[in-house]
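Novice: First the structure, which I've put down as structure tokens, then a few questions once you've had a look.
The values are calculated or read from the model by the stated rules, or taken from the named source; none is laboratory data. Owing to the predicted nature of the structure, the values given are computational and were not obtained by experimental measurement. Methodologically, a virtual Cβ is constructed for each residue, glycine included, from the backbone with ideal geometry; neighbour enumeration extends over all protein chains shown. When the accessible area is computed, the model is the full protein with side chains, heavy atoms only, and any ligands, DNA or RNA have been set aside. Shrake-Rupley method; radii C 1.70, N 1.55, O 1.52, S 1.80 Å.
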Amino acid sequence: MTQNIYDDEEFFRGYSRLPRSVEGLDGAPEWPNLRALLPDLHGLAVLDLGCGFGWFCRWTRQQGAARVLGIDVSEKMLEQAVAATRDAAITYTRADMEKLELPPDSFNLVYSSLALHYVENLGGLISAVYRSLVPGGSFVFSVEHPIFTAPAEPGWSLNSAGRKIWPVDGYLDEGPRSTDWLTKGVIKQHRTLAIYINMLVRVGFAIRRVEEWGPSEEQIASKPSWADEHQRPPFLLVSARR
């Protein structure tokens, strides 16, 4: 089963205070770039893998999506999503993405934000996503960049120019990595960029765009603390088509 860290009380409290939890999509700095990868949503059937509080599900309906299914393994996240949603065209379901079964040819768009790096059996999930999409359907997702999922201990140091540098450890070694983020022992699955891309190609996806996201100059000017994220991309954004 996917590690259900979001139902851990300490983790959930910390996560609920993050800007992306409080402000929704606008609180996620990578959202404008991720949004640009999406197709026109009018009349589409949409699946959100790892829907969390349901922000994206509700936004897609505002953009004209016909029906939306949000899936998450966390009871706490889904409780919040249901409480915030008043729309019969949005359905939320608790499910484990490690063994997810999806009806074939059922969705025009499958979307996932920062959830797939928790999934061990990602190859099986990507195959299920491919089958669930109609021909020409889109798969758009973000994950933590592999540079982030393969950090070396004790972490960053300063170079001669006074800039932070982050060495990586075992970048080519795929597998689980434990990190302390909001609580101790959060397990994320490390994969190289090539592994992500080849998983998609192997099942038949056509890659439309790959983006190693970092903050823009405007974002850094607004929030100077984001300058560190320009030295290493925190997120990998991918758009693919069946």
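Novice: Looking at the stretch 189-242, which of the residues that are in contact with a strand residue (DSSP E or B) (Cβ under 7 Å, 6 or more places away or on another chain), over 19 Å from Glu144 (Cα atoms) and part of a loop (DSSP other than H, G, I, E, B) is most open to solvent (accessible area, probe 1.4 Å)?
Specialist: Applying the filter and picking the extreme gives Arg242.
Novice: From the set of residues in the stretch 70-91 that are modelled with pLDDT of 95 or more and in contact with an Asp or Glu (Cβ under 6 Å, 6 or more places away or on another chain), which is farthest from Tyr6 (Cα to Cα)?
Specialist: Result: Gly70.
To keep it simple, each residue is scored yes or no on (1) part of a helix (DSSP H, G or I); (2) in contact (Cβ under 8 Å) with a residue 12 or more places away in the chain; (3) over 27 Å from Trp226 (Cβ atoms).
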position: Phe12; (1), (2), (3): yes, yes, no
position: Asp26; (1), (2), (3): yes, no, no
position: Pro32; (1), (2), (3): yes, no, no
position: Leu47; (1), (2), (3): no, yes, yes
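For (1) free of Cβ contacts under 8 Å to residues at least 24 places away in the same chain; (2) open to solvent by less than 20 Å² (accessible area, probe 1.4 Å); (3) closer than 10 Å to Gly50 by Cα, each residue gets a yes or a no:
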residue: Ala95; (1), (2), (3): no, no, yes
residue: Glu101; (1), (2), (3): no, no, no
residue: Pro104; (1), (2), (3): no, no, no
residue: Phe107; (1), (2), (3): no, yes, no
residue: Tyr111; (1), (2), (3): no, yes, yes
residue: Leu114; (1), (2), (3): no, no, yes
residue: Gly123; (1), (2), (3): no, no, no
residue: Ile126; (1), (2), (3): no, yes, no
residue: Val129; (1), (2), (3): no, yes, no
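Novice: Would you pick out the residues in the stretch 166-177 that are in a strand (DSSP E or B) and open to solvent by 80 Å² or more (accessible area, probe 1.4 Å)?
Specialist: Pro176
Novice: Answer yes if at least one residue in the stretch 38-59 is open to solvent by less than 50 Å² (accessible area, probe 1.4 Å) and basic (Lys, Arg), and no otherwise.
Specialist: yes
Novice: Tell me, which residue of the stretch 144-165 that is among the hydrophobic types (A, V, I, L, M, F, W, C) and either modelled with pLDDT of 90 or more or not in a strand (DSSP E or B) (or both) is surrounded by the fewest Cβ atoms within 10 Å (Cβ to Cβ)?
Specialist: The selected residue is Ala161.
Novice: Hey, among the residues in the stretch 75-91 that are free of Cβ contacts under 8 Å to residues at least 12 places away in the same chain and part of a helix (DSSP H, G or I), which one's surrounded by the fewest Cβ atoms within 10 Å (Cβ to Cβ)?
Specialist: Of everything passing the filter in the stretch 75-91, Ala83 is surrounded by the fewest Cβ atoms within 10 Å (Cβ to Cβ).
Novice: A follow-up question, please. All but one of (1) more than 17 Å from the chain's Cα centre (by Cα); (2) closer than 23 Å to Asp105 by Cβ hold for Phe56; which doesn't?
Specialist: (1)
Novice: Would you mention how many residues in the stretch 131-143 are under 17 Å from Leu37 (Cβ atoms) and buried (at least 20 other Cβ atoms within 10 Å of the Cβ)?
Specialist: 8
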